[in-house]
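Just so it is clear, none of the values below were taken in a lab; they were calculated from the coordinates. A quick note: this is a predicted structure, and the numbers were derived from the prediction, not measured. Every residue, glycine as well, gets a Cβ built from its backbone with ideal geometry; the counts of neighbours run over all protein chains shown.
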Amino acid sequence: MKAIRVHQPGGPEVLVLEDVPLPEPGPGQVRMKVEAAGVNFLDVYHRMGAYPLPLPMTPGSEAAGVVDAVGPGVDGFKPGDRVAHAMHPGSYAEYQIVPAHRLVRVPDDISLRDAAAAMLQGMTAHYLACSTFPLGPGHRALVHAAAGGAGQMLVQVAKLRGATVYGTVSTAEKARIAREAGADEVILYTEVDFEEEIRRLTGGEGVDVVYDSVGRTTFDRSLRCLKPRGYMVLFGQSSGPVPPIDPQVLNQRGSLFLTRPSLAHYTATPEELAARAGDLFTWMREGRVKVRIDRTLPLADAAEAHRLLQGRATSGKLLLIP
Ligand SMILES: NC(=O)c1ccc[n+]([C@@H]2O[C@H](COP(=O)([O-])OP(=O)(O)OC[C@H]3O[C@@H](n4cnc5c(N)ncnc54)[C@H](OP(=O)(O)O)[C@@H]3O)[C@@H](O)[C@H]2O)c1
């Protein structure tokens, strides 16, 4: 089968298409024929070695497809079932081995491409808005990179929970997309100081929660956008890692909370995974959450997909099609 492989960490050019043996599913495992693999920033960190995986490795932490074979002891899935997963590496390939307990079923009325596009960023939006800081009416939330893949999903979930949402983006076109996703106000953080804008928009009060996936360039000012006892949810680092901070800063800024969550810890059991994916698919069927596929590329163009994502050239999901 064809698969993208990385032999040494590095730039997008280390993603090479190779012929590799078709893997056999072991006990408790399923072999999935990948119909679409989602591209996420996580894959960039795996490729660069920032979050190291054993080499050589196949990146890709999200896919949807059809069960092709099952290993011993798997009784919940059979060949032909439509399935999807997130957070199990190896999806930039024609076939992927996935533990059965990490798979969810895709309802018949949801396309496999939409399922592949929704799993990682959609379930991230779910846990951030429903569990890490459970949003409700009356809450004000600041979402950075609101036209990005995770950002657009988070804006939509935050709106359906009744919060007021402020989004930041880098361009006028991305502002349009963030508004379309439901953001009440959109701030061009490349042109204006978002901290001043948040102070103005909230009458000096600040927001209840900041969902920050940008990291290095936004973190300090994000803390200053919070109300006393507000929540700083740092869930990514698209602009680079945040340097170490003195916990006393949280005291000075008003007894703030700081968390650095990961989807893996919020889908830790098969029950939790099924519940989050189930809500997400329901919202998608009801049209309350829409997946925006920015573009689809052939599997062989994985390097180009990474260049686009890192170059801030996307607004929504990038899919690789084997
Ligand atoms: N913790 C978790 O559970 C979890 C789950 C999913 C994703 N994440 C993290 O969330 C972040 C976003 O992931 P994503 O896949 O949805 O990507 P994305 O948001 O679609 O793409 C990244 C966006 O970040 C913004 N950005 C700001 N400064 C940047 C810079 N210097 N370089 C590149 N981009 C920059 C850009 O939007 P503008 O042009 O509008 O600034 C860019 O489009 C990543 O850090 C990812 O690891 C974390």
Exercise for the section: Counting only C-alpha contacts under 8 Å and six or more residues apart, can you give the relative contact order of the stretch 253-322 as a whole percent? Expected result: 27
Practice task
For the pairs K78/K290; K2/K33; K33/K78; K290/K317, note any where the Cα-Cα span goes beyond 20 Å.
Solution key: K78/K290
Exercise for the section: Take peptides 116-125, 58-67, 44-53 and line them up by average Cβ neighbours within 10 Å, highest first, as a rough protection proxy. Expected result: 116-125, 58-67, 44-53
Exercise for the section: Give me the distance in nm between label points sitting 7 Å out from Cα along the Cα-to-Cβ direction at L258 and D184, one decimal. Expected result: 2.8
Exercise for the section: Using only Cα atoms, tell me the angle between helix 149-160 and the longest principal axis of the chain; keep it within 0 to 90° and round to the nearest 10. Expected result: 60
Exercise for the section: Evaluate the distance, in nm, between pseudo-label points positioned 7 Å from the Cα of V20 and of M1 along their respective Cα→Cβ axes. Expected result: 1.0
Exercise for the section: Would you kindly work out the equivalent ellipsoid of the chain from its C-alpha gyration tensor and give its semi-axes, the square roots of five times the eigenvalues, largest first in whole Å? Expected result: 34, 21, 18
Problem - Whole-Å distance, taken between Cα centres, linking the stretch 97-168 and the stretch 252-272 - result: 14
Exercise for the section: Just the number, please: Stokes-Einstein D of the stretch 189-288 in µm²/s, Kirkwood Rh from C-alpha pairs, 25 °C, 0.890 mPa s. Expected result: 159
Problem - Descending Cα extents along the principal axes, the stretch 35-88, whole Å - result: 36, 22, 14
Exercise for the section: Could you give me the percent of Cα pairs per 5 Å distance bin for the stretch 10-112, shortest bin first, beginning at zero and ending with the bin that holds the maximum distance? Expected result: 2, 13, 24, 23, 18, 12, 6, 2, 0
Fill in the blank from the handout: Relative contact order as a percentage, the stretch 79-228, C-alpha pairs under 8 Å and 6+ apart, gives 17
Handout entry: Estimated FRET transfer efficiency when R0 is 45 angstrom, pair S239-F77 (beta carbons, to 0.05)
Key = 0.70
Handout entry: Within straight-line cross-link reach of K227, lysines at Cα separation under 23 Å, skipping those fewer than 8 residues along the same chain
Key = K159
Handout entry: Check: the stretch 1-151 dipole with +1 on Lys, Arg Cβ and -1 on Asp, Glu Cβ, in debye
Key = 320
Practice task
When a/c is below 1.5 the answer is rounded, else prolate if a/b is larger than b/c, else oblate, so apply that to the stretch 106-211 with a ≥ b ≥ c taken from the square roots of the Cα gyration tensor eigenvalues.
Solution key: oblate
Practice task
Order the peptides 93-102, 160-169, 29-38 from the highest to the lowest mean number of other Cβ atoms within 10 Å of their residues.
Solution key: 29-38, 160-169, 93-102
Exercise for the section: Just rank I321, I110, I177, fewest to most, by other beta-carbon atoms within 10 angstrom. Expected result: I321, I110, I177
Fill in the blank from the handout: Dividing the helical contributions, -39500 (n - 2.57) per DSSP H run of n ≥ 4, by the residues of the chain yields a 222 nm value, nearest 500 deg cm²/dmol, of -8500 deg cm²/dmol
Completion exercise
As a percent rounded to 5, the proportion of antiparallel DSSP bridges among beta bridges in the chain is 55
Completion exercise
If one compares the long axis through the Cα atoms of helix 112-127 with the longest principal axis of the Cα atoms of the chain, the angle in degrees, nearest 10, works out at 40
Handout entry: Simple Cβ-charge dipole of the stretch 81-130, Lys/Arg +1 and Asp/Glu -1, about Cα centre, in debye nearest 20
Key = 160
Handout entry: Mean Cβ neighbour count within 10 Å, used as a protection proxy, ranking 5-16, 290-301 highest first
Key = 290-301, 5-16
Handout entry: Part-to-part distance (alpha-carbon centres) for the stretch 184-214 and the stretch 22-36, which is given in Å
Key = 45
Completion exercise
For the stretch 1-121, the charge dipole (Cβ of Lys, Arg +1; Cβ of Asp, Glu -1; about the Cα centre) points to a positive end, and the Cα of H88, G65, P12 closest to that extreme belongs to H88
Exercise for the section: Relative to the longest principal axis of the C-alpha atoms of the chain, give the angle of the C-alpha long axis of helix 270-285, reported between 0 and 90° and rounded to the nearest 10°. Expected result: 80
